[in-house]
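Asks: A single structure is presented below for examination.
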Amino acid sequence: MPLVAAAVCPHPPLIVPELAGAAAPELDDLRAAADAAVARLLAAGPEAVLLVGAGPETVRFNAADWGSLRGFGLDRPVRLWKISCSGAERLPLSLTVGAWLLNRSGTELPRLARSVAHDATPAECAAFGASLIADDDPRVALLVLGDGSACRGVKAPGYDDPRAEAYDEGVAVALAGADTAALRDLDPVLSAQLRVAGRAPWQALAGAVDAAGGDWRGELGYHSAPYGVAYFVANWERA
């Protein structure tokens, strides 16, 4: 697939206002940044959008598959693209939130979705990313879903870890600079200890961009750690 652009967004369930309830305004800035990143991704003129997020295993999903936020209190399906009897409730959380973001944009472009195993090695992630653009499919944009560390403070899901801030700062710099080497170098052991959900998808992004070739520029639109979890929003475009 000729790769025209990429965007990185997080996938906290609370980004969906109906789930956040009265606390929804607390993530207004994150929603706005994610909406802007998706709009910018679509403005690059892709013919399809490929969602990439972490899951229990590496899976290629069907266009009619969907996800659900039922486990978080919202009993409503989130479609990937098409609705037909051939689909199934299969999308992991990362791709469910990614589909929600795309649906929110109003685009009717075809959507594809792939999960990469959260425990895949950096080399496996990079090879997976390269495989996404190895054929002659239409011009595609990547929407990459992943959260940073979940150890930013004593109220964080993973409690406080003094290594978390430096890790997240490194990711922020890499995303801002479209630095594929820095993303490839993320340590899977440390990432797991810090409960990072985005390591594998980010390394898949690095593999895809390296395989696509050419010069790329990045821009970081959001970097914060509400609720003790680091969230990043970024766009990568050809220079």
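Asks: Using the Cα gyration tensor of region 56-187, with a ≥ b ≥ c the square roots of its eigenvalues, what is the shape: rounded (a/c below 1.5), prolate (a/b larger than b/c) or oblate (neither)?
Replies: Oblate, because a/c is 1.5 or more while a/b does not exceed b/c.
Asks: At a 1.4 Å probe radius, carbon and sulfur cover how many percent of the accessible area of region 177-239?
Replies: The value for region 177-239 is 46 percent carbon and sulfur by accessible area.
Asks: What is the spread of the Cα atoms of region 129-239 along each of their three principal axes, largest first, in whole Å?
Replies: Principal extents (Cα only, largest first): 48, 25, 21 Å.
Asks: Looking only at A23, A150, A192, which one moves most when the chain is put into a Gaussian network model with springs between Cα atoms under 10 Å?
Replies: Answer for the Gaussian network model of the chain: A23.
Asks: Rounded, prolate or oblate for region 1-127? Axes are the square roots of the Cα gyration tensor eigenvalues, ordered a ≥ b ≥ c, and the cut-off for rounded is a/c under 1.5.
Replies: The shape class here is rounded.
Asks: If you project the alpha carbons of the chain onto the principal axes, what extent comes out on each, in Å, largest first?
Replies: Principal axes ranked by extent give 47, 41, 30 Å for the Cα atoms.
Asks: How many Å² of accessible area per residue for the chain, probe 1.4 Å?
Replies: Solvent-accessible surface per residue comes out at 42 Å².
Asks: HN-Hα J couplings of region 64-79 from phi, Karplus 6.51/-1.76/1.60, θ = phi - 60°, integer Hz, Gly and Pro as x?
Replies: Result, rounded to whole Hz: 8, 6, 9, x, 9, 10, 4, x, 10, x, 10, 8, 8, x, 10, 6.
Asks: Mean separation of Cα pairs under 8 Å and 6+ residues apart, divided by the residue count of region 106-181: what relative contact order is that in percent?
Replies: It rounds to 13 percent for region 106-181.
The values are calculated or read from the model by the stated rules, or taken from the named source; none is laboratory data. Since this is a predicted model, take the numbers as computed values, not measurements. Calculation scope for accessible area: heavy atoms of the full protein, side chains included, ligands and nucleic acids excluded. Shrake-Rupley method; radii C 1.70, N 1.55, O 1.52, S 1.80 Å.
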